[in-house]
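First comes the structure, then the notes that go with it.
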Amino acid sequence: MNIFVDLDSKQIRTPSVLTFGVFDGLHLGHQRILSRVVERARALGLPGTVVTFDPHPRAVLRPETAPPLLHTFSQKMEGIERLGIDQVIVLKFTTELARVTARDFLEQAIFGRLDAREVYLGQGFAFGHNREGRFELLKQVADELGRHAEDVPEVLIRKHRVSSTMIRRLLGAGRINLARKMLGRPYGIEGVVVEGRKVGRAKLSYGTANIKPHNTVIPYNGVYVTLTLLDGQWRRSVSNVGTRPTFEEGMEVSIETHVVDLDSELYGKTIRVRFLHRLRDEKKFDSIDALRDQIDKDYRRTLRYFDTAWVRRSLEFRV
């Protein structure tokens, strides 16, 4: 997949079949749109194209309301490539771009420079100056130019519309199972292993990797069954998200992951952790011994989770 940050790049392939939007999280709704683009692009022998924006438009227009992002930029690009898209055009979102009318954006960029023969857009998506652009305008301009525009139906799960906003709320409440269903995969974070207080192995008999996450959305405090990607292999793990209240009050939220059957140090490595199942809330224990007993139970429950037949089947290789 080719990534372009300049709309004038001569390497951009045209004509195209495309969609445009932010696509934070690449949830099932996004996947439905991109799959349609890929399907039609293959049928027409044209490049499947995504136009996206960086930073998030609200980070420029109303920074105080800008949402935390489910994906880092590199994670989003990796996910888009995995879905089969051929090229991505990343438009730097600025106040100048925000002043471009929706019609001008369509005529000059989408149907002009990128020569889109077909455009697919999610229902309810708004674009252009003051968010004036809706699907109806896209359809009108496409018809005027003899092109095709289609709105892709939204995805509903338990009568809830799948959206990045809903997934953020679910993760913030620790409801990772429903978030996983909406994403079509377990939610994951990426980060660098940093040196911690070294109490895991010394006092609790369980060494942990302390992760400084690149992602800004972290599941609600608690203990989770997880998978950790090390050297290209997903390993069984159990992770704690929280402030470690048994040891110290008022600490910042941290992510600590114990990888099953791993003795080596991971300092300085970039690892990925995917959250599969919530075991319990984080709590303050009266003693180190009580905490150790609970961690033993968490560990055993984690192993039982992975030993479940349906879990083994579902992990081949949906993660």
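The values are calculated or read from the model by the stated rules, or taken from the named source; none is laboratory data. Note that the coordinates shown come from a computational prediction; the quantities given were computed from them, not determined experimentally. Note that we place each Cβ from the backbone using ideal geometry, even for glycine, and neighbour counts take in every protein chain shown. These accessible areas exclude ligands, DNA and RNA; they are computed on the full protein's heavy atoms, side chains included. Shrake-Rupley method; radii C 1.70, N 1.55, O 1.52, S 1.80 Å.
In the set (1) within 17 Å of the chain's Cα centre (by Cα); (2) open to solvent by less than 10 Å² (accessible area, probe 1.4 Å), Ser74 fails one condition alone, (2).
Here's the yes/no breakdown for (1) hydroxyl-bearing (Ser, Thr, Tyr); (2) more than 30 Å from Phe125 (Cβ to Cβ); (3) open to solvent by less than 60 Å² (accessible area, probe 1.4 Å); (4) modelled with pLDDT of 95 or more:
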site	(1), (2), (3), (4)
Ile167	no, no, yes, yes
Leu183	no, no, yes, yes
Val194	no, yes, yes, no
Arg197	no, yes, no, no
Trp234	no, yes, yes, no
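Residues being among the polar types (S, T, N, Q) and either at pLDDT 95 or above or under 21 Å from Pro219 (Cα atoms) (or both) are entirely absent from the stretch 116-137.
Are any of the residues in the stretch 123-145 within 25 Å of Leu44 (Cβ to Cβ) and under 21 Å from the mean Cα position of the chain (by Cα)? There is at least one residue in the stretch 123-145 that is within 25 Å of Leu44 (Cβ to Cβ) and under 21 Å from the mean Cα position of the chain (by Cα). Residue pairs whose Cβ atoms lie under 6 Å apart, separated by 6 or more positions or on different chains, with the first residue in the stretch 131-157 and surrounded by fewer than 19 Cβ atoms within 10 Å (Cβ to Cβ) and the second of a type in the set (Gly, Ala, Ser) and part of a strand (DSSP E or B), are Lys139/Ala149. Determine if the stretch 17-28 includes at least one residue that is surrounded by fewer than 23 Cβ atoms within 10 Å (Cβ to Cβ) and outside any loop (DSSP other than H, G, I, E, B). Yes, the stretch 17-28 contains at least one residue that is surrounded by fewer than 23 Cβ atoms within 10 Å (Cβ to Cβ) and outside any loop (DSSP other than H, G, I, E, B).
Considering Thr257, Thr270, Thr246, the condition of being modelled with pLDDT of 85 or more, of a type in the set (Val, Ile, Thr) and open to solvent by 20 Å² or more (accessible area, probe 1.4 Å) is satisfied by Thr270 alone. Is one or more of the residues making up the stretch 131-154 closer than 25 Å to Arg58 by Cα, aromatic (Phe, Trp, Tyr) and out of contact with any Leu (no Cβ under 8 Å at 6 or more places or on another chain)? Scanning the stretch 131-154 turns up no residue that is closer than 25 Å to Arg58 by Cα, aromatic (Phe, Trp, Tyr) and out of contact with any Leu (no Cβ under 8 Å at 6 or more places or on another chain). Sub-9 Å Cβ pairs linking a first residue in the stretch 290-309 that is over 17 Å from Phe275 (Cβ atoms) and of a type outside the set (A, V, I, L, M) to a second residue that is part of a helix (DSSP H, G or I) and open to solvent by less than 50 Å² (accessible area, probe 1.4 Å), at least 6 apart or interchain, are Arg292/Leu204, ordered by first then second residue. Each residue in the stretch 77-101 was checked for being open to solvent by 40 Å² or more (accessible area, probe 1.4 Å) and under 17 Å from the mean Cα position of the chain (by Cα), and 4 pass. Within 24 Å of Lys181 (Cα to Cα) and free of Cβ contacts under 8 Å to residues at least 40 places away in the same chain: is that true of Ser74 in this structure? Spelling it out, Ser74 is indeed within 24 Å of Lys181 (Cα to Cα) and free of Cβ contacts under 8 Å to residues at least 40 places away in the same chain.
Considering only residues that are over 20 Å from Phe127 (Cα atoms), open to solvent by 50 Å² or more (accessible area, probe 1.4 Å) and assigned to a helix (DSSP H, G or I), which ones fall in the stretch 37-63? Within the stretch 37-63, Glu39, Arg40, Arg42, Ala43, Leu44 meet the criteria.
Restricting attention to the stretch 139-198, which residues are touching a helix residue (DSSP H, G or I) at 6+ places or on another chain (Cβ under 8 Å) and among the β-branched types (Val, Ile, Thr)? Once the filter is applied, which keeps residues that are touching a helix residue (DSSP H, G or I) at 6+ places or on another chain (Cβ under 8 Å) and among the β-branched types (Val, Ile, Thr), the stretch 139-198 yields Val141, Val152, Val155, Ile157, Val162, Ile167, Ile176.
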